[in-house]
Amino acid sequence: MAGVGGDYVIDVKRDRLVIVASTLGTVFEWYDFFVYGTLAPVIAKLFFPAASETAGFLLALATFGAGFGVRPVGALLFGYLGDKLGRKYTFLVTIALMGVATAAVGLLPTFAAIGILAPVLLVICRLLQGLALGGEYGGAAIYVAEHAPRNRRGFYTSFIQAGVIGGFLLSLIVVLSSNAFLTPEQQHDWGWRVPFLFSLLLLAISLWIRLKLKESPVFKAMKEAGETARNPVSESFDSWPKIKMILVALFGIASGLTVIWYTAQFQALYFLQNALRVEDTSARLIIGAGAVFSLFWFILFGWLSDKVGRKKPILIGYALTMALMFPLFHWMAGAANPELSEAMARNPIVVTGSNCAYDPFATKGQATECGKVLDALSKKGVGYRKVDGAPGAAPHVTIGNVPVDALDPVALDTALKGAGYRLDKVAPPFRHAIVLVLAIVCIGCLSGMTYGPTAALLVELFPSRVRYTSMSVPYHIGTGYFGGFLPFISQYIVAKTGDPFAGIWYTFGVVAMAFVVTLIWLPETAGKELD
């Protein structure tokens, strides 16, 4: 079925294949990337066992962030190829590299087998994954947008955004399915490898589907006219107006939307698992259920952006995020583990002392007595508040105004138990799980408002000659650095402050910056003709 809208030929069958192929490829590639984040606690024990539990977890998250850190390099490399050689073949290469690198993680020997070389090889695999991902999103978004009619571009590309959520959701499904059929011992010994090796099957499916695609009509016409860029990288930065738009895309769009999305997924997952002591499988199921229902938001706001513009829903999403993120996490705390939440409110832990410096990565013990106290509390996974004491005074700990010797493990355990701190892992009852899913869906809505219109917006913001490079670089710097290191930064803030909610301030600060940049400098692009 085909028709004509302006000079655009609508081919329903072709457009459906374009959307399905690009979205499935995005799902599979982000699955490869996110399965590591889903298994971060397991990775920490297998590849960083020499560190303390807190430090090992932070090191695993830092390795997770390393994959994001190299994404801008991938954006430059594959952006150059995409603008010179074409959209189709470039994202065939990116997905092949991603699949191979992910499978390689599943084949790596652990620290117990080869020592320090194990985390080194792990980081190399993560860097290759990040390199591949640097070229994936831009290629898929541009390919779909350059096939879409201008009045449906937001709707068409919203499926790419939903594909990112789909990748995270698929990683949860595969991990949970693997866990369901294996004992904890089997999971620790070899079962953790299964989700990584599963990527080989996804790679085969992705290549088969994407090989059916033809080149983007916009790029094909540009190539036939001899108008492709000689050097897409230098041409992307050859004037202040182009540089300004790249900076606006980086600080106004990519940074803001990505910290909201990672807060909805990874920060919420670690908040449930660590701060609220929710059993790992239950936490993953809750996050997964929330992700399923959140898929709708991305498509809704992508479609809506074709009607009301791209800028408006993004700004509203930023404003609502700043207003609602803290209340939503407190709502989750009350539902996930009511006894622990009530204990923290009724009997807060207060540490009074001087020079209360705490280093989560210390390998030879903390430097000060107060630091040793904070380390003991951190290892218990309980929140605390610090109060400055008299210079040189010994640290003093109270739980609900009752003095406690925090350096005596028996005394600390007894005091925590008496104050109502339930530190065993819990599985929330169904009615509480529903509340948690609703909270995740609400955060997902905020993410959908800011993420849903973005693919169309970024494509419309830059000229065809350098579109792949110009949109990929700011997107992957923003998502790679502001978002990729969010799990590490937020959990580090929590470890340093003792406040399980303190990590949300990172999200708040980045979103506030993005709101100002978007409000002042971002132009409206909805309905723009692609040159």
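The values are calculated or read from the model by the stated rules, or taken from the named source; none is laboratory data. Nothing here was measured: the structure is a model prediction, and the numbers come from that model. We place every Cβ from the backbone using ideal geometry, glycine too, and count neighbours over all the protein chains shown.
For this structure, a couple of remarks:
- Residue among A254, A291, A249, A319 that is under 17 Å from the mean Cα position of the chain (by Cα), assigned by TED's automatic domain parsing to the domain that holds V164, assigned to a helix (DSSP H, G or I) and at pLDDT 90 or above: A254
- Selection within segment 472-498: residues that are in contact (Cβ under 8 Å) with a residue 60 or more places away in the chain and of a type in the set (V, I, T). The member of this set that is farthest from Q161 (Cα to Cα) is T497.
- When residues in segment 481-506 are screened for being part of a helix (DSSP H, G or I), of a type outside the set (A, V, I, L, M) and under 24 Å from D359 (Cβ atoms), 10 of them pass.
- Test: residue in segment 329-345 that is touching a His at 6+ places or on another chain (Cβ under 6 Å) and crowded, with 21+ Cβ neighbours inside 10 Å: yes
- For segment 171-192, filtering for residues that are assigned to a loop (DSSP other than H, G, I, E, B) and under 20 Å from I287 (Cβ atoms) leaves 1.
Here is a yes/no grid of residues against (1) in contact (Cβ under 8 Å) with a residue 60 or more places away in the chain; (2) crowded, with 24+ Cβ neighbours inside 10 Å; (3) over 23 Å from M344 (Cβ atoms):
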| site | (1), (2), (3) |
| --- | --- |
| M245 | yes, no, yes |
| L257 | yes, yes, yes |
| Q267 | yes, yes, no |
| V278 | yes, yes, no |
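- Scanning segment 123-153 for residues that are hydrophobic (A, V, I, L, M, F, W, C) and either closer than 11 Å to A455 by Cβ or in contact with a Pro (Cβ under 8 Å, 6 or more places away or on another chain) (or both) turns up A140, A141, I142, V144, A145, A148.
- Residue list for segment 324-342, restricted to those being acidic (D, E) and in contact with a strand residue (DSSP E or B) (Cβ under 9 Å, 6 or more places away or on another chain): E339
- Sub-6 Å Cβ pairs linking a first residue in segment 346-360 that is free of Cβ contacts under 8 Å to residues at least 12 places away in the same chain and surrounded by fewer than 16 Cβ atoms within 10 Å (Cβ to Cβ) to a second residue that is part of a loop (DSSP other than H, G, I, E, B) and β-branched (V, I, T), at least 6 apart or interchain, number zero.
- Every condition in (1) at pLDDT below 80; (2) of a type in the set (K, R); (3) closer than 21 Å to F168 by Cβ holds for K223 except the one numbered (3).
- Per-region count, segment 334-377, residues assigned to a loop (DSSP other than H, G, I, E, B), more than 19 Å from L416 (Cα to Cα) and either over 31 Å from the mean Cα position of the chain (by Cα) or not hydroxyl-bearing (S, T, Y) (or both): 13
- Residue in segment 277-291 that is acidic (D, E) and under 20 Å from P184 (Cβ atoms) present: yes
- Test: residue in segment 82-99 that is aliphatic (A, V, I, L, M), modelled with pLDDT of 80 or more and more than 30 Å from L530 (Cβ to Cβ): no
- Close pairs from segment 368-381: first within 12 Å of L412 (Cα to Cα), partner charged (D, E, K, R), Cβ under 7 Å, at least 6 apart: K379/E53
- All positions within segment 69-104 that are closer than 19 Å to F196 by Cβ and of a type outside the set (A, V, I, L, M): T94, G99, T102
- Odd one out for Y358, checked against (1) among the hydroxyl-bearing types (S, T, Y); (2) at pLDDT below 80; (3) within 14 Å of P500 (Cβ to Cβ): (3)
- Condition check for H476: closer than 16 Å to E136 by Cα and either part of a helix (DSSP H, G or I) or of a type in the set (V, I, T) (or both): yes
- If you filter segment 378-421 down to residues that are among the basic types (K, R) and at pLDDT 80 or above, you find that the one that is farthest from the chain's Cα centre (by Cα) is K417.
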